[in-house]
């Protein structure tokens, strides 16, 4: 989503961090799983974005990749390819995380 926006942002404000929206990323990842698995997978994704530290989020993302990577490679790839942009909010004070990790209210 919005790749033209990110390119323009880089041109005007080089060095700006990119934060991908967790709501949209989670929906994209979940769509690659059978409906019956989606509640469990969503809880595993929540463990990533609700982690108390970036290190814990990184570990949760690695666990997710190990758990689902063999059978659901496309889903894991969809998540992992945006790893840095999904975890960028951890570079800011915790009181802002709720607002930074998603564009949804």
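The values are calculated or read from the model by the stated rules, or taken from the named source; none is laboratory data. Keep in mind that this is a model prediction, so the values were computed, not measured. Positions of Cβ are backbone-derived with ideal geometry, glycine not excepted, and every protein chain shown enters the neighbour counts.
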Residue 43 surrounded by 14 or more Cβ atoms within 10 Å (Cβ to Cβ), modelled with pLDDT of 95 or more and assigned to a helix (DSSP H, G or I): no
Matching residues in the stretch 47-83 (more than 17 Å from residue 37 (Cβ to Cβ), assigned to a helix (DSSP H, G or I) and in contact with a helix residue (DSSP H, G or I) (Cβ under 8 Å, 6 or more places away or on another chain)) number 8
Among (1) at pLDDT 95 or above; (2) surrounded by fewer than 14 Cβ atoms within 10 Å (Cβ to Cβ); (3) outside any loop (DSSP other than H, G, I, E, B), residue 87 falls short only on (2)
For residue 104, the lone unmet condition from (1) without any contact (Cβ under 8 Å) to a residue 60 or more places away in the chain; (2) surrounded by fewer than 18 Cβ atoms within 10 Å (Cβ to Cβ) is (1)
Say whether the condition of being under 16 Å from residue 80 (Cα atoms), out of contact with any helix residue (DSSP H, G or I) (no Cβ under 9 Å at 6 or more places or on another chain) and either at pLDDT 95 or above or exposed (fewer than 14 other Cβ atoms within 10 Å of the Cβ) (or both) is met by at least one residue in the stretch 6-15.
no
Looking at residue 26, is it part of a helix (DSSP H, G or I), under 10 Å from the mean Cα position of the chain (by Cα), touching a residue at least 60 places away in the same chain (Cβ under 8 Å) and closer than 22 Å to residue 104 by Cα?
-> no
Being within 25 Å of residue 17 (Cβ to Cβ), loosely packed, with under 14 Cβ neighbours inside 10 Å and modelled with pLDDT of 95 or more narrows 52, 95 down to just 52
